[in-house]
2 protein chains.
Amino acid sequence: MLHRNIITPVVLCGGSGTRLWPLSRKSFPKQFVPLINGKSLLQLTLERVRPLGPGLMVVTAEAHRFMVADALQTVPGSAQVILEPVARNTAAAMALAALLAEQNGQPEALLLFCPSDHHIPDAAAFARTVEQGVPAAEGGAIVTFGIVPSSPSTAYGYIQHGARRADGAQQVERFIEKPGADHALQLLLSGEVLWNAGIFLCRASTLLRALQQHAPDILASCREALPAPLASTEATGPQYVTPLPGAFAACRSQSIDYAVMEHHANVAVVPYTGAWSDVGSWNAVAELTPADAQSNRIEGQGHAHLSHDTYIHAPHRPVVALGTKNLLIIDTPDALLVAHRDCAEQVKDVVAQLESQQCAQAVIHRKVARPWGWYDSIDLGERFQVKRIGVKPGASLSLQKHHHRAEHWIVVKGTAEVTRGSETFLLSENQSTYIPIGEVHRLRNPGRLELEMIEVQSGSYLGEDDIVRLEDTYGRVTPHPVPTP
Amino acid sequence: MLHRNIITPVVLCGGSGTRLWPLSRKSFPKQFVPLINGKSLLQLTLERVRPLGPGLMVVTAEAHRFMVADALQTVPGSAQVILEPVARNTAAAMALAALLAEQNGQPEALLLFCPSDHHIPDAAAFARTVEQGVPAAEGGAIVTFGIVPSSPSTAYGYIQHGARRADGAQQVERFIEKPGADHALQLLLSGEVLWNAGIFLCRASTLLRALQQHAPDILASCREALPAPLASTEATGPQYVTPLPGAFAACRSQSIDYAVMEHHANVAVVPYTGAWSDVGSWNAVAELTPADAQSNRIEGQGHAHLSHDTYIHAPHRPVVALGTKNLLIIDTPDALLVAHRDCAEQVKDVVAQLESQQCAQAVIHRKVARPWGWYDSIDLGERFQVKRIGVKPGASLSLQKHHHRAEHWIVVKGTAEVTRGSETFLLSENQSTYIPIGEVHRLRNPGRLELEMIEVQSGSYLGEDDIVRLEDTYGRVTPHPVPTP
């Protein structure tokens, strides 16, 4: 157990996860969706890697910082969060983390890079496997952890391993791209391959040298983009690190496999024999739910009649499948997917097409996460909109005003502190107030329980962009967020 | 055209239409659903038969009187509406209409019995066919109109016709129950059969004599149940006729085919050659929407990718079908059906099962029709509920109070007249008020446009039964409705 406290996990949290649309969307990707017993894959990943050492890094999109902060609150200890202004794939994300370790004065730190959106139920078995890779990583190798294949899957890349090394790991002979069905079977029968799960362990300095050797342009862009880390302004909460947008945008976008791993000599692999899923499609999600006698897998209010091999995700309302087979039915409050199981990989194409048709549901959810909580647009009429709003304890919306809408607020749970013009007053459950057009106002939750409100907006224009922010705890007054939590 | 003004159409509007769940439900059956270009089948039926004569009768369930009244407002002239306290099938419904014609002093009136839930696009062709049956009906026959079959369907009963009669119609040899596939093909090839569409023309006296002969108990029960018709209290609007609940409940429930037609000697048939659909299943509804090149039929916000022979009904939100075939996808705000086309007939079994499981969506819609308008329950929390409420011009909710809930009202369209305790005041768009627990209140729409309101209910119990009605325009203070419109 000695090794654990010298590993710094780096959780790569930049995926967009459109394969799990409509549950996962660009604005609320797969890793944030509460998929496993109400917990998100990010949360489970943080719980799994948090015990491995005192340090912890997360690399994520700037737009998702508040959702990452929420997830980090569920695990102990401090963390550094690198906020990417644009997505530039895994090579750049890993380079930023290695450079940050260097800036932290720990160039020899062992970094464990893990995707945030995989499901690995047995955290102890995973930790034991990671430890097996430590000698090789300490010796200067990049160590990857390959999954022992359970089928000739065509959904994953493969790693062909060779001889056992002196450090206990196996040498990687080559990385193989997603194979066709015949090739996959042949690989599986060879007994010499593992699935590439995108998990890597190495010293920060090892990765930086490898990047310098194989992708110096990526390393240079990242070095230019990474400023000296800003100290967190609060005692608790993560420390945010914001790469310079211009420099980082100029960085080449490539995966670490293409940029480094396929070319690097000293890459070792340790097999992971425990259960693993990349939760990469609705078929993989379906596998997480037990099957009934007809091989149906039903979550929530699903009903199957004369159906078999049908997966129903129905958390909100009754969904009936009648006489269906090999079907995936995914119901969400504002969009529905019905797909043949064989087409699960094509979901991302559908989302791209919906996005090109300006379908809002391709990208955003009806229920939207905000730094202060969330809102859910429950009804929309010609000149009005009804929202249900949740505000976290202690959180506060910006001091704001609207040019085109008035708002009626009714508190249905908890206590609200309302600023309206020059007055500030409290509203408790079943009390209401009215914010006229143009009136400066602010909503705050002064209590220890969540505040819930119904807001009825009334006006000729109800777009989210009719908001003038005068003050904001989350730095949303200026065009670029100021990194305060 | 002479005959037209001597026919009294009798629209049979008692069906529950669970085959078209989740769009059609017991509380809002198929005939009321706006299925064809925003019009309901009832409305289209009334438009089709209204020109046939000055009289018009509708037989419906008491619970649906206000929806029938709404549909009647779209056609000119007066009507008599028989409100069945319980459903007793077509023999009893037709007996009531014939007895009412007798009470009206018109025992020799030609009654045209039509289902309210069939689709017959060509009203003129239908009227011409009905006229062809008049001589036989005037001569004392019961005339039925059979549909010229377009396929060996197993979904309909058949009528085997014989020789041409002197009155121009054809003699009915026998009624044949829904056949198996082989039998249906054999029948079709015989060239001597028509589909039984349940449309009949005869004198009231003819039907009463036939009932006396073949089902005297049904006639006796109906005669006992039918009081002298009550005069309508308003100059406009239908005249309601309410059979005595006890006597009518005692009536035997049987279809007119079993009770009379199969046994009666003088039954004639006139073929109808125009387009007809009983809209009896989702497959039939799908046929009403044009197919694309992949034989998909898409209504509303449906998207089909790599799919064929898929019907999507998606009026409210995006619904994506991916790689599906032979599928029916019916989306409604609070329930979803995904069914293989071959299982369309089993939808009613699913509804029965959902009902036995106390699933509210089996029976009622989220949006509920009321005599004064409608409400839609748009959100529900632990101690609150949000409703969108529409009130028709001039309509008024009951003077009422609640023991367990307070209400916040916000007008989002039109003008409301609010009575609260001893005060009465007007609210216009964007104005609001508060009704405390226990306060007597009333909502009225004094304007000429529809009123729409958002109501936020707050309290420990939010059931529809927490309502004390002190006065009601629609007779809902007493347990049994008083027949005022």
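The values are calculated or read from the model by the stated rules, or taken from the named source; none is laboratory data. What you see is a predicted model, and the numbers here were worked out from it, not measured in a lab. A quick note on method: Cβ atoms are made from the backbone with ideal geometry, for glycine too, and the neighbour counts reach across all protein chains shown.
Within region A:295-332, restricting attention to residues that are closer than 18 Å to B:Leu354 by Cβ and outside any strand (DSSP E or B), which residue is nearest to the other protein chains (Cβ to nearest Cβ)?
Quick first cut of region A:295-332, residues closer than 18 Å to B:Leu354 by Cβ only: A:296, A:298-307, A:310, A:312, A:314-324, A:329, A:331.
From the residues that got through so far, the ones that are outside any strand (DSSP E or B) too are A:296, A:306-307, A:323-324.
Details: A:Asn296: 12, A:Leu306: 6, A:Ser307: 8, A:Gly323: 3, A:Thr324: 6 Å.
So the residue we want is A:Gly323.
Just one of the numbered conditions (1) surrounded by fewer than 18 Cβ atoms within 10 Å (Cβ to Cβ); (2) hydrophobic (A, V, I, L, M, F, W, C); (3) more than 29 Å from A:Val368 (Cβ to Cβ); (4) out of contact with any Phe, Trp or Tyr (no Cβ under 8 Å at 6 or more places or on another chain) is not true of A:Val148: (4). Among residues of region A:407-427 that are outside the structural domain of A:Lys392 (by TED's automatic domain parsing), none has a beta-carbon under 8 Å from a residue that is part of a strand (DSSP E or B) at least six positions away or on a different chain.
The residues in region A:82-139 that are closer than 17 Å to A:Ala268 by Cβ and either outside the structural domain of A:Ile7 (by TED's automatic domain parsing) or of a type in the set (Lys, Arg) (or both) can be counted, and the count is 1. The condition of being over 30 Å from A:Ala304 (Cβ atoms), in a loop (DSSP other than H, G, I, E, B) and of a type in the set (Lys, Arg) holds for only one of A:Arg223, A:Arg252, A:Arg209, that being A:Arg252.
Right, B:Val279: more than 7 Å from every other protein chain (Cβ to nearest Cβ) and touching a Leu at 6+ places or on another chain (Cβ under 8 Å) or not? Spelling it out, B:Val279 is indeed more than 7 Å from every other protein chain (Cβ to nearest Cβ) and touching a Leu at 6+ places or on another chain (Cβ under 8 Å).
In region B:349-360, the residue that is nearest to the chain's Cα centre (by Cα) out of those that are within 11 Å of chain A (Cβ to nearest Cβ) and assigned to a loop (DSSP other than H, G, I, E, B) is B:Cys359.
Mind listing whichever residues of region A:334-345 are buried (at least 18 other Cβ atoms within 10 Å of the Cβ) and at the interface with chain B (Cβ under 8 Å from one of its Cβ atoms)?
Start the filter on region A:334-345 by keeping residues that are buried (at least 18 other Cβ atoms within 10 Å of the Cβ), which leaves A:335-340, A:343-344.
Matches in region A:334-345: A:Ala335, A:Leu336, A:Leu337, A:Val338, A:Ala339, A:His340, A:Cys343.
Filter region B:129-157 down to residues that are assigned to a helix (DSSP H, G or I) and more than 25 Å from the chain's Cα centre (by Cα) and give me whichever is farthest from B:Glu173 (Cα to Cα). I'd like the intermediate steps shown before the answer.
Going through region B:129-157, the residues assigned to a helix (DSSP H, G or I) turn out to be B:129-138.
The next check asks that each one be more than 25 Å from the chain's Cα centre (by Cα); those that pass are B:131-138.
Details: B:Glu131: 22, B:Gln132: 19, B:Gly133: 17, B:Val134: 20, B:Pro135: 19, B:Ala136: 16, B:Ala137: 17, B:Glu138: 20 Å.
So the residue we want is B:Glu131.
Inside region A:381-396, residues that are without any contact (Cβ under 8 Å) to a residue 60 or more places away in the chain and either more than 21 Å from A:Val440 (Cα to Cα) or touching a Ser or Thr at 6+ places or on another chain (Cβ under 9 Å) (or both) make up a count of 4. Scanning region B:337-366 for residues that are modelled with pLDDT of 90 or more and in contact with an Asp or Glu (Cβ under 6 Å, 6 or more places away or on another chain), we see that the one that is nearest to A:Leu380 (Cα to Cα) is B:Gln361. Scoring A:Ile378 on the criteria (1) under 23 Å from A:Asp331 (Cα atoms); (2) in the same structural domain as A:Pro436 (by TED's automatic domain parsing); (3) within 21 Å of the chain's Cα centre (by Cα) leaves a single failure, condition (3).
When the residues of region B:56-87 are filtered to those that are in contact with a Lys or Arg (Cβ under 8 Å, 6 or more places away or on another chain) and closer than 12 Å to B:Pro243 by Cα, which remaining residue is surrounded by the most Cβ atoms within 10 Å (Cβ to Cβ)? Quick ask: steps written out before the conclusion?
Kept after step one, since they are in contact with a Lys or Arg (Cβ under 8 Å, 6 or more places away or on another chain), are these residues of region B:56-87: B:56, B:66, B:75-77, B:81, B:83.
Within this subset, residues satisfying the condition of being closer than 12 Å to B:Pro243 by Cα are B:81, B:83.
Working: B:Val81: 26, B:Leu83: 20.
That would be B:Val81.
Taking the criterion of being within 27 Å of A:Ala127 (Cβ to Cβ) and among the hydrophobic types (A, V, I, L, M, F, W, C), the residues of region A:189-210 that qualify are A:Val193, A:Leu194, A:Trp195, A:Ala197, A:Ile199, A:Phe200, A:Leu201, A:Cys202, A:Ala204, A:Leu207, A:Leu208, A:Ala210.
Does region B:90-114 hold any residues that are touching a helix residue (DSSP H, G or I) at 6+ places or on another chain (Cβ under 8 Å) and surrounded by fewer than 19 Cβ atoms within 10 Å (Cβ to Cβ), and which are they? Hits for region B:90-114 are B:Glu102, B:Gln106, B:Pro107, B:Glu108. Those strands (runs of 3 or more DSSP E) of region A:20-99 in which 1 or more residues are over 29 Å from A:Val351 (Cβ atoms) and in contact with a Pro (Cβ under 8 Å, 6 or more places away or on another chain) occupy A:57-61, A:80-84.
Kindly evaluate A:Leu52 against the criterion of being among the aliphatic types (A, V, I, L, M), at pLDDT 95 or above and in contact with a His (Cβ under 9 Å, 6 or more places away or on another chain). Give the steps one after another, and end with the answer.
Values: among the aliphatic types (A, V, I, L, M): yes; at pLDDT 95 or above: no; in contact with a His (Cβ under 9 Å, 6 or more places away or on another chain): yes.
It is false that A:Leu52 is among the aliphatic types (A, V, I, L, M), at pLDDT 95 or above and in contact with a His (Cβ under 9 Å, 6 or more places away or on another chain).
Is there a residue being within 14 Å of chain B (Cβ to nearest Cβ), assigned to a loop (DSSP other than H, G, I, E, B) and β-branched (Val, Ile, Thr) anywhere in region A:441-463? There is no residue in region A:441-463 that is within 14 Å of chain B (Cβ to nearest Cβ), assigned to a loop (DSSP other than H, G, I, E, B) and β-branched (Val, Ile, Thr). Annotation: A:Cys251 fulfils all but one of (1) at pLDDT 95 or above; (2) over 28 Å from A:Lys30 (Cα atoms); the unmet one is (2).
So which strands (runs of 3 or more DSSP E) are wholly in region B:361-435 and hold at least 3 residues that are more than 8 Å from chain A (Cβ to nearest Cβ)? Spell out how you get there, then give the answer.
Values: elements: B:367-370, B:373-380, B:384-391, B:399-401, B:405-413, B:416-420, B:423-427, B:432-435.
So the answer is B:367-370, B:373-380, B:384-391, B:399-401, B:405-413, B:416-420, B:423-427.
Checking each residue in region B:170-206 for being small (Gly, Ala, Ser) and not in a strand (DSSP E or B) picks out B:Gly180, B:Ala181, B:Ala184, B:Ser190, B:Gly191, B:Ala204, B:Ser205.
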